[in-house]
Each structure stands twice: as structure tokens, then as C-alpha cells.
Amino acid sequence: MMRTRPLKVALLGCGVVGSEVARIMTTHADDLAARIGAPVELAGVAVRRPSKVREGIDPALITTDATALVKRGDIDVVIEVIGGIEPARTLITTAFEHGASVVSANKALLAEDGAALHAAAEQHGRDLYYEAAVAGAIPLVRPLRESLAGDKVNRVLGIVNGTTNFILDKMDTSGAGYSEALDEATALGYAEADPTADVEGFDAAAKAAILAGIAFHTRVRIGDVHREGITEVTAADIASARRMGCTVKLLAICERAADGQSVTARVHPAMIPLSHPLASVREAYNAVFVEAEAAGQLMFYGPGAGGAPTASAVLGDLVAVCRNKLNEAPGPGESAYTRLPVSPMGDVVTRYHISLDVADKPGVLAQVATVFAEQGVSIDTVRQKGRQDGGGEASLVVVTHRAPDAALSGTVEALRKLDTVRGVASIMRVEGE
Ligand code: HSE
């Protein structure tokens, strides 16, 4: 039976994503109503610039007073696509207090203050859905929260930032340096005028925090995530990766410790073998690999950004939240019962690729090998190439076996103190083997 009284939706933000949400709500109104069991009506749209022409949106719905909109009392669902911490946080909690459930795409806020928001939703008996906050159109939050709720996820490994994947892919395919590839990403509209959030890994770290929390049923905040961006990745690193049969990707990696007593979450560039499925994720696409005890390995792939793909995730949540409203019962909430601590980066165990510039003379290789041995880091391969410039220097590339990050840091510190080591050109982790 279709309910005739419509469910009322307030849209906070009408930029790239919000305008697509409004457009699809209008063009697919009949299908959405049939799937939900009641019509959904756009009841108000809060914007910063009311004079901007917004095609397909009744100007009477536009307001600059987002607070008044969420306080109206007749709003069933608030869609928050303004981003940032404030005023989004206050608007969301105000929405809960005034009877609305919330669909949000706000990764920064959820990664910073998700626990308080989930608690507020629960306290008021509302939903807080946020599929669009992680990897755009790719269904990931609800598969982890619902489909895999009976399994035990041990690892989530993925490419969750399209801008950096575009830049690294460009460097890999064309041999371009970082700046050149960033310029191209900017010219094509992948990178923003200020690319810091993407290239320094903040965006991916927020997503890693959200994914780790859902996957391991615990709380992980963005500050718990070890973060390194891609600004230091050089054309030489990419070439070196190629020689090893690898490529370089900015990875978000969330892992449960072997003893199950803690978790880690990190974002950094890493070499992965060309045979790994994530190596074939090109341009601005995202992909996430989930390893669960019973399910085995699952991979989720698709567009991680953009107006329409992100709107797809928002609308999926809107349908779910509206159904819950009609059933007068909120959907499955957050489960953070494990309360697992987040271990520091030093506890992470992985492999390393280290490039050194060294003096090319007898005994240097032995000296370097001794430093690794003293720190308990076992060497897998060494490649040395003398420079042809007559300067008596050589490039040394060492790939290690698995070792704790703290041991690797100790090794690098000790290597820097050797007179014969002129410089540590790069250190990169090797993942996915
Ligand atoms: N800027 C992000 C990216 C999309 O490049 O993937 C929004 O999270």
C-alpha cells in the first residue's frame, strides 16, 4: 500500500552532489515512491548563495537559514552534503532533536566525531546513514555493516582517493614527475585548487577511520590513522617499483592485529605487485579489498567521487532511511562493542623498499647490511648500481622481509649516521604480496 502523505526531505547544500540529489529525486520520483512505499518531497534546500540559478529546483524551496529548516519539525530526513565540521555537526544533531533522520556524505565529520553523532542518533531513535562518505558510489559501508555483520573482517585494504590515484597512475604510465601529474589532475578538474586534503592523505585517512570502525566494530578517529601523502613520491620511486614488478598506490590499510587484541589504520604510498587486483585500478577510480574470515577476499570497485556517483550513494541511503521511517523503527545502528585499541604505526609489520645513495668502495655493503641486522630487519634483496659520473657513489636498493615499522625507523636512523651513506633517497612500504 502506497502512503499518500509524502515524506519530507531537507537538503543541506546544493553543490555538485546536492544538485544531483535534487535532480534524481525529481526525475525518479515515481520509482523512489514505489520503492519506499510513499512519495518523497523536497521540502527545503539550504544554500549559501541563494541568488545562484539552480535548474529544476523551485526557488521557493531555497533558504539560507539551514538551522530553521532542520528545526521545522515536519522534516523526516535531512540530507547533509555541505561537508566540514561546523555547522554540519550542529545541524545534524539539531535535526535528530527535531524528529529527522540524517543521510550524510561528510567523511571529515564522521571520522572526527562519529561516536557522538551515532550516540545522538540512537538517543533520539533516528538513523544516521553515510554510504556516500566513503568511496563515492561504491557500496561499502552497508556491505561491511550489514552483509558482513556475521563474519569477522580482518583486513581492509584499498584505494579510497581518486585524485591521488589519478596522479600516481599518470606518473606510472607517462613517467611524469609529481608536479607535472598534479598539474594535469588540476587541469582536468580531478584535483582542487588547494589539493592538500587529497595529496597529503587527509581525505583517505578520514575514510580509513570510518572503514576501520565499521569493519572491526570499534571506534577509530582520524587522529588514530597514521597518514603520509604522495607529495614525496618521485618518478624514480615509480621506476624502481616497475623494476620490482610493482606499481605505487596510495593505500588505506586497516588491520586487526594477529592476536586480535588491537587494530591499526594507516594511509601511505606503497608498492604493490602488478599482479595484485588493486594495481589495475586506473585513473580516478577507487577500489577496496576486504578480507574476512569466512567470506575470504572481496573486492569493491567503482567511481569514488563526482556528483552523480556520490548522489547514487546518498539516494540509496535516502530510500533505506525513508523505509525505516515508515516502519517507525531505525535501521541497524553502529556497533562499537569490541572497543579495540588502535596500535601505533611502529607496531605495523610490513616489507620495505629503501633507496640509499652510498659511497662506492669496499665494505660499504657489509656496513649497511650490519645496520639492518642490528635492528633485526632481515634483507630480502639488494640491488647496487655504481654511478657513471665518476663521483665514487652508488645507488643501493634494499628490499626487506616483513619487519615492524619501529625497527625500520631505527634502521633508517642508524643508516643516516653512517659516513658512507650519503643520503636515504626514499623509503616505501611494499604491500599486497
Ligand atoms: N577528493 C576525493 C577524491 C573525493 O579525490 O577521491 C571525495 O572524497
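With Lys107, Lys170, Lys152 as the choices, which residue is over 12 Å from the mean Cα position of the chain (by Cα) and within 15 Å of the ligand (Cβ to nearest atom)?
On the way: Lys107 fails: over 12 Å from the mean Cα position of the chain (by Cα); Lys152 fails: within 15 Å of the ligand (Cβ to nearest atom).
Every option except Lys170 fails the conditions.
Limited to the stretch 388-401, what total is found for residues that are surrounded by fewer than 17 Cβ atoms within 10 Å (Cβ to Cβ) and part of a strand (DSSP E or B)? First the steps, then the outcome.
Kept after step one, since they are surrounded by fewer than 17 Cβ atoms within 10 Å (Cβ to Cβ), are these residues of the stretch 388-401: 388-392, 401.
This time we only want the ones that are part of a strand (DSSP E or B), so: none.
Total satisfying the criteria: 0.
Name the pairs: first residue in the stretch 184-198 and in a helix (DSSP H, G or I), second residue more than 11 Å from the ligand (Cβ to nearest atom) and basic (Lys, Arg), Cβ to Cβ under 9 Å, at least 6 apart or on different chains?
Glu184/Lys170; Ala185/Lys170
So which of Gly125, Gly136 ends up being in contact with a Pro (Cβ under 7 Å, 6 or more places away or on another chain), open to solvent by less than 30 Å² (accessible area, probe 1.4 Å) and among the small types (Gly, Ala, Ser)? Steps first, please.
Numbers: Gly125 fails: open to solvent by less than 30 Å² (accessible area, probe 1.4 Å).
Exactly one of Gly125, Gly136 is in contact with a Pro (Cβ under 7 Å, 6 or more places away or on another chain), open to solvent by less than 30 Å² (accessible area, probe 1.4 Å) and among the small types (Gly, Ala, Ser), namely Gly136.
Yes or no: the stretch 29-50 includes at least one residue that is farther than 14 Å from Glu80 by Cα, within 30 Å of the chain's Cα centre (by Cα) and modelled with pLDDT under 95.
The answer is yes; a qualifying residue exists.
Consider Ala206 carefully, then state whether it is assigned to a helix (DSSP H, G or I) and within 16 Å of the ligand (Cβ to nearest atom).
Values: assigned to a helix (DSSP H, G or I): yes; within 16 Å of the ligand (Cβ to nearest atom): yes.
It is true that Ala206 is assigned to a helix (DSSP H, G or I) and within 16 Å of the ligand (Cβ to nearest atom).
Limited to the stretch 211-240, what total is found for residues that are more than 23 Å from Phe300 (Cα to Cα), part of a helix (DSSP H, G or I) and open to solvent by less than 50 Å² (accessible area, probe 1.4 Å)?
5
Examine the stretch 372-387 for a residue that is touching a strand residue (DSSP E or B) at 6+ places or on another chain (Cβ under 6 Å), within 16 Å of the ligand (Cβ to nearest atom) and open to solvent by less than 50 Å² (accessible area, probe 1.4 Å), and state whether such a residue exists.
no
Give the residues of the stretch 142-184 that are among the hydroxyl-bearing types (Ser, Thr, Tyr) and either assigned by TED's automatic domain parsing to the domain that holds Leu318 or open to solvent by less than 40 Å² (accessible area, probe 1.4 Å) (or both), sorted by residue number. Steps first, answer last, please.
The first filter runs over the stretch 142-184 and keeps only residues among the hydroxyl-bearing types (Ser, Thr, Tyr), leaving 147, 163-164, 173-174, 178-179.
Result: Thr163, Thr164, Tyr178.
Identify all residues within the stretch 37-59 that are over 20 Å from Gly15 (Cβ atoms) and among the hydrophobic types (A, V, I, L, M, F, W, C); write none if there are none.
First pass over the stretch 37-59, keeping only residues over 20 Å from Gly15 (Cβ atoms): 37-41.
Passing the criteria: Ala38, Val40.
Just a yes or no: is a residue in the stretch 418-425 in contact with a strand residue (DSSP E or B) (Cβ under 6 Å, 6 or more places away or on another chain) and without any contact (Cβ under 8 Å) to a residue 60 or more places away in the chain?
no
Report every pair of residues separated by at least 6 positions or lying on different chains whose Cβ atoms are under 7 Å apart, first residue within the stretch 85-98 and over 19 Å from Gly125 (Cβ atoms), second of a type outside the set (Ser, Thr, Tyr) and open to solvent by 60 Å² or more (accessible area, probe 1.4 Å).
Close Cβ pairs (under 7 Å, with a partner that is of a type outside the set (Ser, Thr, Tyr) and open to solvent by 60 Å² or more (accessible area, probe 1.4 Å)) amount to Ile85/Glu112; Ala88/Ile82.
Are any residues in the stretch 402-433 open to solvent by 30 Å² or more (accessible area, probe 1.4 Å) and either more than 18 Å from Ala359 (Cα to Cα) or outside the structural domain of Pro362 (by TED's automatic domain parsing) (or both), and if so, which ones?
Arg402, Pro404, Ala406, Ser409, Ile427, Glu433 - these are the residues of the stretch 402-433 that are open to solvent by 30 Å² or more (accessible area, probe 1.4 Å) and either more than 18 Å from Ala359 (Cα to Cα) or outside the structural domain of Pro362 (by TED's automatic domain parsing) (or both).
Please identify the pairs in which a residue from the stretch 159-172 that is without any contact (Cβ under 8 Å) to a residue 12 or more places away in the chain has its Cβ atom under 7 Å from the Cβ atom of a residue that is more than 8 Å from the ligand (Cβ to nearest atom) and open to solvent by 10 Å² or more (accessible area, probe 1.4 Å), counting only partners at least 6 apart or on another chain.
none
Regarding Ala204, is this residue closer than 18 Å to Ile85 by Cα and either of a type in the set (Gly, Ala, Ser) or in the same structural domain as Asp357 (by TED's automatic domain parsing) (or both)?
yes
Looking at Ala191, Ala185, which one is modelled with pLDDT under 95, more than 30 Å from Ala119 (Cβ to Cβ) and not polar (S, T, N, Q)?
Sole residue among the options that is modelled with pLDDT under 95, more than 30 Å from Ala119 (Cβ to Cβ) and not polar (S, T, N, Q): Ala191.
Working carefully through the options Ala292, Ala336, find the one that is open to solvent by less than 50 Å² (accessible area, probe 1.4 Å), assigned by TED's automatic domain parsing to the domain that holds Ala241 and of a type outside the set (Lys, Arg).
Checking each option against the conditions leaves just Ala292.
Give Pro277, Pro330 a once-over and let me know the one that is more than 16 Å from the ligand (Cβ to nearest atom), in contact with a Gly (Cβ under 8 Å, 6 or more places away or on another chain) and open to solvent by 50 Å² or more (accessible area, probe 1.4 Å). I'd like the intermediate steps shown before the answer.
Values: Pro277 fails: in contact with a Gly (Cβ under 8 Å, 6 or more places away or on another chain).
Of Pro277, Pro330, the one residue that is more than 16 Å from the ligand (Cβ to nearest atom), in contact with a Gly (Cβ under 8 Å, 6 or more places away or on another chain) and open to solvent by 50 Å² or more (accessible area, probe 1.4 Å) is Pro330.
Name the residue, out of Val160, Val199, that is within 11 Å of the ligand (Cβ to nearest atom), out of contact with any strand residue (DSSP E or B) (no Cβ under 8 Å at 6 or more places or on another chain) and at pLDDT 95 or above. Outline the logic, then answer.
Details: Val160 fails: out of contact with any strand residue (DSSP E or B) (no Cβ under 8 Å at 6 or more places or on another chain).
Of Val160, Val199, the one residue that is within 11 Å of the ligand (Cβ to nearest atom), out of contact with any strand residue (DSSP E or B) (no Cβ under 8 Å at 6 or more places or on another chain) and at pLDDT 95 or above is Val199.
The values are calculated or read from the model by the stated rules, or taken from the named source; none is laboratory data. Keep in mind that this is a model prediction, so the values were computed, not measured. Please note: Cβ atoms are built from the backbone with ideal geometry, for glycine as well, and neighbour counts cover all protein chains shown. These area figures cover heavy atoms from the full protein model, side chains too; ligands, DNA and RNA do not enter into them. Shrake-Rupley method; radii C 1.70, N 1.55, O 1.52, S 1.80 Å.
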